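The values are calculated or read from the model by the stated rules, or taken from the named source; none is laboratory data. All figures in this text were calculated on a predicted structure; none of them were measured in a lab. Using ideal geometry, Cβ is built from the backbone for each residue, glycine included, and neighbour counts are taken over all protein chains shown.
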Amino acid sequence: MSLISPWRADFPALDALERQGQTYLDSAATAQKPQALIDALAHYYGNGAANVHRAQHLPGAMATQAFEDTRHKVADWLNTGSSGHIVFTHGATSAFNLLAYGLEHLFEAGDEIVISALEHHANLLPWQQLAKRRDLKLVILPLTREGVIDLSAATSLINPRTRLLAVSQLSNVLGTWQPVSELMTMARAHNALTVIDGAQGVVHGRHDVQALGCDFYVFSSHKLYGPDGVGVLFGRHQALAHLQHWQFGGEMVLQAGYQDATFRPAPLGFEAGTPPVSGVIGLGATLDYLNDVNQVAAAEHEARLHELLCAGLRLREGVRLVGAPQVALASFVVDGVHNADLAHLLTEQGIAVRAGHHCAIPLISSLGLSGAIRVSLALYNDSEDLERFFNALDQALELLR
């Protein structure tokens with residue numbers, strides 16, 4: 001089956017990579033960038049870069065306008081209802097740490113934080129360390145054999161002692177959608193705060209945070225075809241009001257003296273210092289581009305590619321899929337072959353995939369693995385990419401067996 005991406009030409013790096021003999025299949029780590037983003041960054045830097053929210057001159061006013069326009073675009077993308085729900089950070093990891101430190105005062109010894117067994121380190125370590133600081137219990141929701149959070153177990157593990165639930169929307173290792181709406185409902189029944197890690201999920205389709213019912217939703221720009229160094233934290237107004245300030249500096253203050261200060265509320269109160277101005281503006285241009293993409297067509301294209309990927313892996317002797325991947329990515333191991341050795345041979349043939357524990361060591365260890373190869377797809381990939389991957393895989397396996 002031949003599948004051609006109608007969006008491939010919008011991403012100039014793909015041609016450059018192809019000239020270098022590279023096939024890029026690692027978009028779950030970082031996606032390539034559309035020309036619209038590149039043009040926006042060139043325009044910003046080429047026409048007068050400036051800081052935001054603090055200058056009366058024209059470059060500053062223009063930068064501030066573009067920066068705040070992006071806040072509105074993100075709010076629209078997530079259907080938050082208001083741009084005041086959107087806090088810009090320096091990445092998803094930064095946003096999770098903001099939450100862990102900003103909410104710390106709400107916890108007392110013996111309280112429980114609930115996460116799942118499949119979490120990325122970014123949605124594990126901040127809560128793990130918070131639990132250590134405040135003598136809390138970190139509760140781990142188990143998975144079904146299909147790699148989905150076990151809802152029957154969750155009904156008892158999410159209980160009156162639960163103060164916060166933080167779970168991924170889409171696993172970066174297993175490629176499985178998680179029942180986040182059901183989990184949000186369980187947590188709300190016990191008045192617990194809720195956090196969704198949308199770093200992978202936000203890339204695949206439009207997601208309505210009001211319908212999801214979460215208090216907070218976090219994602220990174222660089223996975224959503226945008227610039228790196230930018231993260232987004234959505235928070236309901238009531239949830240943001242719980243946050244205490246944890247980073248201090250310019251523009252997040254209302255008034256400051258030598259001995260005391262008063263701070264702005266969200267969102268500006270949590271954007272201390274110079275924010276990632278160019279990155280935020282670039283994210284706005286990326287969202288403009290994505291708003292012109294037929295999301296249904298893109299999802300169908302990715303689904304057909306994913307089907308080809310999984311079918312091709314299952315056909316090869318000794319290759320085992322990790323879990324039951326549903327969208328955009330597939331992790332696999334090969335009997336008798338170390339993932340690092342296989343990744344090295346694939347790299348030598350110009351195939352860019354991810355190998356290792358994928359920043360989810362507890363999950364990989366629980367599956368009895370030392371690591372896995374992950375192939376991840378984006379709307380710009382096509383069947384020729386997969387053909388090159390499978391040819392390289394076959395040659396590598398022939399050498400390794």
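Has the range 87-107 got any residue that is touching a residue at least 12 places away in the same chain (Cβ under 8 Å), part of a loop (DSSP other than H, G, I, E, B) and either outside the structural domain of Thr185 (by TED's automatic domain parsing) or farther than 22 Å from His358 by Cβ (or both)?
yes
If a residue has to be surrounded by fewer than 24 Cβ atoms within 10 Å (Cβ to Cβ) and in contact with a helix residue (DSSP H, G or I) (Cβ under 7 Å, 6 or more places away or on another chain) to count, how many in the range 184-202 make the cut?
3
In the range 12-28, which residues are surrounded by 17 or more Cβ atoms within 10 Å (Cβ to Cβ) and either acidic (Asp, Glu) or not assigned by TED's automatic domain parsing to the domain that holds Val327 (or both)?
Asp26 - this is the single residue of the range 12-28 that is surrounded by 17 or more Cβ atoms within 10 Å (Cβ to Cβ) and either acidic (Asp, Glu) or not assigned by TED's automatic domain parsing to the domain that holds Val327 (or both).
Yes/no per residue for (1) in contact (Cβ under 8 Å) with a residue 24 or more places away in the chain; (2) touching a helix residue (DSSP H, G or I) at 6+ places or on another chain (Cβ under 8 Å); (3) within 30 Å of Ala239 (Cβ to Cβ):
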position	(1), (2), (3)
Ala266	yes, yes, yes
Asp288	yes, yes, yes
Arg314	no, no, no
Val333	yes, yes, no
Leu342	yes, yes, no
Gly350	yes, yes, no
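State which residue is surrounded by the fewest Cβ atoms within 10 Å (Cβ to Cβ) when the search covers only the range 353-401 and only residues that are out of contact with any helix residue (DSSP H, G or I) (no Cβ under 9 Å at 6 or more places or on another chain) and of a type in the set (Lys, Arg).
Step by step, filter the range 353-401, then rank; the result is Arg401.
What number of residues in the range 1-46 are in a loop (DSSP other than H, G, I, E, B) and among the hydroxyl-bearing types (Ser, Thr, Tyr)?
Residues in the range 1-46 being in a loop (DSSP other than H, G, I, E, B) and among the hydroxyl-bearing types (Ser, Thr, Tyr): 4 in total.
Got a number for residues in the range 263-307 being part of a helix (DSSP H, G or I) and either within 23 Å of the chain's Cα centre (by Cα) or under 20 Å from Val203 (Cα atoms) (or both)?
Residues in the range 263-307 being part of a helix (DSSP H, G or I) and either within 23 Å of the chain's Cα centre (by Cα) or under 20 Å from Val203 (Cα atoms) (or both): 30 in total.
Of the residues in the range 69-97, how many are within 16 Å of the chain's Cα centre (by Cα) and either under 19 Å from Ser168 (Cβ atoms) or of a type outside the set (Val, Ile, Thr) (or both)?
Residues flagged as within 16 Å of the chain's Cα centre (by Cα) and either under 19 Å from Ser168 (Cβ atoms) or of a type outside the set (Val, Ile, Thr) (or both) within the range 69-97 amount to 12.
Report the residue count in the range 336-382 for those that are in a loop (DSSP other than H, G, I, E, B) and under 17 Å from the mean Cα position of the chain (by Cα).
7
For residues that are β-branched (Val, Ile, Thr) and either out of contact with any Asp or Glu (no Cβ under 7 Å at 6 or more places or on another chain) or surrounded by fewer than 24 Cβ atoms within 10 Å (Cβ to Cβ) (or both), scanning just the range 68-108, find the one that is farthest from Arg133 (Cα to Cα).
Here the answer is Thr70.
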